[in-house]
Amino acid sequence: MDPLNEILTQQSRRTFLERGTLGLGAMALGSLLNARNVTTEHRNRIGGLQGLPHFAPKVKRVIYLFQSGGPAQMDLFDYKPHLAARHGEEVPESIYPAERKTTMTAGQKSFPCAPSTLNFARHGQSGTWVSEPQQHVAKLVDDLCVIKSMHTEAINHDPAATLFQTGSVIPGRPSLGAWVSYGLGSENANLPAFVAMTSNGRAKAGQPLYDRLWSAGFLPGRFQGVKFRGQGDPILDLYNPAGVTRTQRRRMLDALNQLNREQAGRFSDPAIATRIAQYELAFRMQMSVPDLIDVKSEPQHIREMYGPDVATPGRYAYNCLLARRLAERGVRFIQLYHRGWDAHGNTPKQVGVQCGDTDQPTAALLRDLKQRGMLDDTLVVWGGEFGRTIYCQGKLTKTTYGRDHHPNCFTYWLAGGGVRGGITYGETDDYSVNVAENPVHVHDLQATILHQLGIDHERLTYRHQGRHFRLTDVFGKVVKDVLT
């Protein structure tokens with residue numbers, strides 16, 4: 001048996017015995033109640049669980065374009081032309097009661113209606129409404145499933161983003177990508193199964209993005225996302241220091257792994273197994289990453305398609321092209337975080353600047369995947385942690401307004417394998433304040449993403465602190481109406 005697999009097997013038996021808190025009786029009862037989870041104790045050679053996928057997947061991979069800060073739905077997709085006549089009128093308290101306002105605006109004496117000043121038009125055969133700053137994405141609306149009825153409970157950035165990424169507003173849970181990596185493993189032993197990248201918008205720096213958003217939580221550490229940095233070396237300490245050859249590095253790792261395996265044999269500590277696996281992955285990545293990040297090897301017409309920032313590490317365009325390169329190399333879950341959508345003031349300008357950063361690269365990514373035949377087995381997800389208020393935060397003028405946080409309705413879109421393109425799903429009320437039709441909760445979105453990968457979200461679990469946890473906790477249903 002391979003030494004690493006032997007360590008993992010020993011750890012599985014040890015964990016099973018230790019977790020029976022009431023002795024053999026509890027162990028017997030647990031085996032009866034949780035028989036369907038037995039396969040979660042056995043992993044294959046490069047990660048993943050036996051018995052997964054649960055059913056035939058529609059896609060091989062996910063690219064999640066997380067727009068951090070809360071994009072304003074009524075300035076992007078949720079067109080409300082009738083509100084133009086209500087400019088400056090007080091939003092009725094029956095529509096937006098005082099208890100649902102944040103502390104940032106609750107003290108305002110007035111809550112005037114601020115209709116979008118951005119121009120909208122119908123696009124594609126579907127006739128989907130899209131605002132003017134999204135001129136590139138607008139040409140691809142027939143590939144998009146626009147969900148206008150997303151909703152969440154969280155009203156502040158950090159817990160809201162944490163809920164979308166981990167299924168809980170409380171930090172410490174495994175991220176969506178970590179669950180996917182844990183359940184399905186990797187298609188490429190030379191790259192991580194889960195990669196995270198961040199970029200900043202020109203509009204403003206944006207909200208903090210903590211590493212726990214792509215962490216493994218209580219799952220074994222090897223399932224956490226590997227962050228590709230936007231400056232300097234993409235991964236710290238990946239390359240050999242000056243004067244150290246690859247042969248010398250291999251000898252050092254062999255000696256280190258022997259010591260680690262001896263320690264693992266004595267203590268059966270899962271962290272040791274993780275350390276061995278991560279050292280080996282890093283060694284293999286020394287050969288695969290330089291080729292991966294060399295976007296200058298792309299044809300000129302491809303680079304031009306992504307826009308002028310494509311060759312600048314850390315920019316959204318660069319990350320989008322890198323996402324496609326990761327996808328074609330077998331990386332299963334690719335997470336892009338783009339900051340700057342937190343538009344409390346001068347929202348029209350902020351939205352325009354953000355779209356200037358994201359519109360062309362996002363459309364280019366979809367086109368690139370499609371022309372390579374990869375969109376059929378890739379799920380692309382776009383959206384942020386919540387939406388924005390229809391009432392104005394701060395002073396309202398004819399051309400300028402601000403918007404506060406709003407969790408009760410906002411827009412996401414999906415594209416790719418198994419998704420019904422060219423449709424709009426869900427509706428909001430006349431003021432874009434509440435969901436009026438076909439609500440989609442955060443957990444529903446998560447369940448749907450897992451479903452497209454062939455995973456039953458109720459069956460992908462991990463035992464921790466005496467119970468079996470899952471990404472969607474005790475909630476979530478697959479939104480089958482948006483799927484083919």
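Rule-based calculations on the coordinates, nothing more; no lab input. Here the structure is a predicted model, which is why all the values come from computation and not from measurement. FYI the Cβ positions are ideal-geometry reconstructions off the backbone, even for glycines, and counts take in every protein chain you see.
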Subject >> Evaluation of Thr399 against (1) more than 16 Å from Phe164 (Cα to Cα); (2) surrounded by 16 or more Cβ atoms within 10 Å (Cβ to Cβ); (3) out of contact with any Phe, Trp or Tyr (no Cβ under 9 Å at 6 or more places or on another chain); (4) of a type in the set (Val, Ile, Thr) (one fails), failing number >> reply: (2)
Subject >> Selection from the stretch 378-401 of residues that are hydrophobic (A, V, I, L, M, F, W, C) and in a strand (DSSP E or B) >> reply: Leu379, Val380, Val381, Trp382
Subject >> Criterion violated by Asn434 - all others in (1) surrounded by fewer than 23 Cβ atoms within 10 Å (Cβ to Cβ); (2) polar (S, T, N, Q); (3) within 15 Å of the chain's Cα centre (by Cα) satisfied >> reply: (3)
Original post:
Which residues, counting only those in the stretch 392-440, are of a type in the set (Lys, Arg) and more than 29 Å from Lys139 (Cβ to Cβ)?
Top reply: Lys395, Lys398
**OP:** Could you tell me whether Gln393 is surrounded by fewer than 24 Cβ atoms within 10 Å (Cβ to Cβ) and touching a Gly at 6+ places or on another chain (Cβ under 7 Å)?
**Re:** yes
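I'm trying to understand the selection: among the residues of the stretch 431-444, which are more than 13 Å from Lys148 (Cβ to Cβ) and either touching a residue at least 40 places away in the same chain (Cβ under 8 Å) or β-branched (Val, Ile, Thr) (or both)?
In the first step, residues of the stretch 431-444 are kept if they are more than 13 Å from Lys148 (Cβ to Cβ); the result is 431, 441-444.
Tyr431, His441, Val442, His443, listed by residue number.
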Original post:
Pick from Leu191, Leu118: which is of a type outside the set (Val, Ile, Thr), surrounded by fewer than 23 Cβ atoms within 10 Å (Cβ to Cβ) and over 21 Å from the mean Cα position of the chain (by Cα)?
Top reply: Leu118
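For the condition without any contact (Cβ under 8 Å) to a residue 60 or more places away in the chain and more than 28 Å from Thr245 (Cβ to Cβ), what is the one hit in Ala271, Ala282?
Numbers: Ala282 fails: more than 28 Å from Thr245 (Cβ to Cβ).
So the residue among Ala271, Ala282 that is without any contact (Cβ under 8 Å) to a residue 60 or more places away in the chain and more than 28 Å from Thr245 (Cβ to Cβ) is Ala271.
Based on what the data block shows, is Ser94 under 28 Å from Leu450 (Cβ atoms), out of contact with any helix residue (DSSP H, G or I) (no Cβ under 7 Å at 6 or more places or on another chain) and polar (S, T, N, Q)? Let's see the steps before the verdict.
On the way: under 28 Å from Leu450 (Cβ atoms): no; out of contact with any helix residue (DSSP H, G or I) (no Cβ under 7 Å at 6 or more places or on another chain): yes; polar (S, T, N, Q): yes.
Judged against the criteria, Ser94 is not a match.
Among the listed residues Arg467, Arg388, which satisfies the condition of being surrounded by fewer than 23 Cβ atoms within 10 Å (Cβ to Cβ) and of a type in the set (Lys, Arg)? Explain how you work it out, then say what you get.
On the way: Arg388 fails: surrounded by fewer than 23 Cβ atoms within 10 Å (Cβ to Cβ).
Unique residue meeting the criteria: Arg467.
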Original post:
List pairs: first in the stretch 49-67 and without any contact (Cβ under 8 Å) to a residue 24 or more places away in the chain, second in a loop (DSSP other than H, G, I, E, B) and not acidic (Asp, Glu), Cβ under 9 Å, 6+ apart or cross-chain?
Top reply: Gln50/His42; Gln50/Asn44; Gly51/His42; Gly51/Arg459
**OP:** Please find, within the stretch 350-384, the residue that is surrounded by the most Cβ atoms within 10 Å (Cβ to Cβ) out of those that are without any contact (Cβ under 8 Å) to a residue 60 or more places away in the chain and over 20 Å from the mean Cα position of the chain (by Cα).
**Re:** Arg372
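Looking at Val146, Val141, Val137, Val180 in this structure, which one is within 14 Å of the chain's Cα centre (by Cα) and crowded, with 18+ Cβ neighbours inside 10 Å? I'd like the intermediate steps shown before the answer.
On the way: Val146 fails: within 14 Å of the chain's Cα centre (by Cα); Val141 fails: within 14 Å of the chain's Cα centre (by Cα); Val137 fails: within 14 Å of the chain's Cα centre (by Cα).
Only one candidate passes the filter, namely Val180.
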Subject >> Those helices (runs of 4 or more DSSP H) lying entirely in the stretch 132-248 with at least 3 residues under 22 Å from His406 (Cβ atoms) >> reply: 157-166
Original post:
In the stretch 263-277, is there at least one residue being crowded, with 16+ Cβ neighbours inside 10 Å and under 21 Å from Leu322 (Cα atoms)?
Top reply: no
Subject >> Selection from the stretch 215-256 of residues that are surrounded by 14 or more Cβ atoms within 10 Å (Cβ to Cβ) and without any contact (Cβ under 8 Å) to a residue 24 or more places away in the chain >> reply: Met252
**OP:** Go over the candidates Tyr425, Tyr431 one by one and state the one that is of a type outside the set (D, E, K, R), touching a Pro at 6+ places or on another chain (Cβ under 9 Å) and farther than 21 Å from Asp342 by Cβ.
**Re:** Tyr431
**OP:** Only residues that are within 29 Å of Leu369 (Cβ to Cβ) and either small (Gly, Ala, Ser) or in contact with a Cys (Cβ under 8 Å, 6 or more places away or on another chain) (or both): list them for the stretch 425-470, please.
**Re:** Tyr425, Gly426, Ala447, Gly454
**OP:** Report the residue count in the stretch 297-338 for those that are surrounded by fewer than 21 Cβ atoms within 10 Å (Cβ to Cβ), in a helix (DSSP H, G or I) and in contact with a strand residue (DSSP E or B) (Cβ under 8 Å, 6 or more places away or on another chain).
**Re:** 0
